[in-house]
Amino acid sequence: MKVIVLNDALEISKDAAEIIINQVNKKKDSVIGFATGASPVETYKRIIEAYERGDVSLKHITTFNLDEYVGLNRENVNSYFWFMKDNLFGKTDVDFDRVNFLSGLAEDTEAECERYSKRIRECGGIDLQILGIGTNGHIGFNEPGEKFADGPFAVKLTQSTIDSNKKYFEAVGDTMPEYALTMGIGDIMRAKKIILIATGASKAKAVKALVEGEVTAECPASILKLHSDVTVFLDNDSAALLGERK
Ligand code: GLP
């Protein structure tokens with residue numbers, strides 16, 4: 001695992017965006033796994049800027065998002081579909097026919113997860129997966145628990161995740177859903193390349209468990225240590241609890 005500590009989110013966004021842009025320029029029809037949340041927003045801005053300069057086209061990429069809230073339709077401003085449309089897809093030439101999402105409205109969540117899993121396989125797997133990390137060490141919505149999930153599944157969100165994310169729902173007078181559908185750890189680990197972005201002091205504990213802790217389902221992100229091509233981008237605040245690094 002390569003750990004890169006930079007000064008702030010802006011510096012991280014430039015390096016992270018460069019990796020994504022290089023990937024797409026090298027392979028126009030790359031399969032990219034996208035993450036939502038505040039962490040990748042600056043990076044997505046750098047990609048939009050590169051698109052506007054004509055330095056990259058996202059027209060031929062296929063996208064898979066990590067997760068979606070159960071019960072929200074795509075027009076809901078707090079759905080992750082809306083988030084991606086608003087923060088990246090709708091501001092570039094992403095082809096919405098190639099955008100893949102777990103449906104928060106699926107009645108049969110098991111069948112929906114199976115469909116998504118099959119779709120990832122049909123597309124040849126994920127070339128590059130972008131990740132954030134929850135304050136409790138979750139990736140996607142793989143919450144701390146007793147074992148790592150392989151494929152997509154429906155998850156009951158932990159109180160810690162609800163406490164971190166409920167502000168977005170409260171801002172529009174809604175209550176945050178308690179359930180979500182998420183890619184499993186297996187789906188994430190099968191990506192050929194992974195970048196994880198973590199900024200701010202609230203992530204410092206999770207980052208320490210990720211970088212220095214043992215591999216345990218109690219910190220789902222810790223499994224990334226077993227992947228051969230992971231780059232972790234940190235700012236000084238999220239890296240604050242790490243020991244001396246060579
Ligand atoms: C959310 C998402 C994750 C994201 C994480 C961190 O719950 N499901 O994919 O990485 O929490 O979010 P943020 O970047 O806003 O701190």
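Would you call Ile223 open to solvent by less than 60 Å² (accessible area, probe 1.4 Å), within 13 Å of the ligand (Cβ to nearest atom) and in contact (Cβ under 8 Å) with a residue 24 or more places away in the chain?
On the way: open to solvent by less than 60 Å² (accessible area, probe 1.4 Å): yes; within 13 Å of the ligand (Cβ to nearest atom): no; in contact (Cβ under 8 Å) with a residue 24 or more places away in the chain: yes.
Criteria not met by Ile223.
I'd like to check something: does region 212-227 contain any residue that is of a type in the set (S, T, N, Q), under 17 Å from the mean Cα position of the chain (by Cα) and modelled with pLDDT of 95 or more?
Yes, that holds for at least one residue.
What residue, of Thr161, Thr175, is more than 12 Å from the ligand (Cβ to nearest atom) and either without any contact (Cβ under 8 Å) to a residue 24 or more places away in the chain or open to solvent by less than 80 Å² (accessible area, probe 1.4 Å) (or both)?
Thr175
Would you check if Asp229 is touching a residue at least 24 places away in the same chain (Cβ under 8 Å), surrounded by fewer than 19 Cβ atoms within 10 Å (Cβ to Cβ) and within 18 Å of Leu131 (Cα to Cα)?
Numbers: touching a residue at least 24 places away in the same chain (Cβ under 8 Å): yes; surrounded by fewer than 19 Cβ atoms within 10 Å (Cβ to Cβ): yes; within 18 Å of Leu131 (Cα to Cα): yes.
Considered against the rule, which asks whether it is touching a residue at least 24 places away in the same chain (Cβ under 8 Å), surrounded by fewer than 19 Cβ atoms within 10 Å (Cβ to Cβ) and within 18 Å of Leu131 (Cα to Cα), Asp229 comes out as yes.
So Ile19 passes all but one of these: (1) within 19 Å of the chain's Cα centre (by Cα); (2) part of a helix (DSSP H, G or I); (3) more than 30 Å from Ala209 (Cβ to Cβ). Which condition number does it fail?
(3)
Condition test on Ala180, is it modelled with pLDDT of 95 or more, within 12 Å of the ligand (Cβ to nearest atom), farther than 30 Å from Asn22 by Cα and open to solvent by less than 20 Å² (accessible area, probe 1.4 Å)? First the steps, then the outcome.
Details: modelled with pLDDT of 95 or more: yes; within 12 Å of the ligand (Cβ to nearest atom): yes; farther than 30 Å from Asn22 by Cα: yes; open to solvent by less than 20 Å² (accessible area, probe 1.4 Å): yes.
The answer is yes for Ala180.
Which of the residues spanning region 120-148 are open to solvent by 30 Å² or more (accessible area, probe 1.4 Å) and over 16 Å from Ala198 (Cα atoms)?
Arg121, Glu122, Cys123, Gly124, Pro144, Glu146, Lys147, Phe148
Can you spot a residue in region 26-35 that is more than 16 Å from the ligand (Cβ to nearest atom) and either among the aliphatic types (A, V, I, L, M) or part of a helix (DSSP H, G or I) (or both)?
Among the residues of region 26-35, at least one is more than 16 Å from the ligand (Cβ to nearest atom) and either among the aliphatic types (A, V, I, L, M) or part of a helix (DSSP H, G or I) (or both), which makes the answer yes.
Evaluate the following for Ser222: is it at negative phi and out of contact with any strand residue (DSSP E or B) (no Cβ under 9 Å at 6 or more places or on another chain)?
Judged against the criteria, Ser222 is not a match.
The values are calculated or read from the model by the stated rules, or taken from the named source; none is laboratory data. Bear in mind the structure is a predicted one, so any value in this text is a computation, not a measurement. No Cβ is skipped: glycine too gets one built from the backbone with ideal geometry, and neighbour counts run over all protein chains shown. These accessible areas exclude ligands, DNA and RNA; they are computed on the full protein's heavy atoms, side chains included. Shrake-Rupley method; radii C 1.70, N 1.55, O 1.52, S 1.80 Å.
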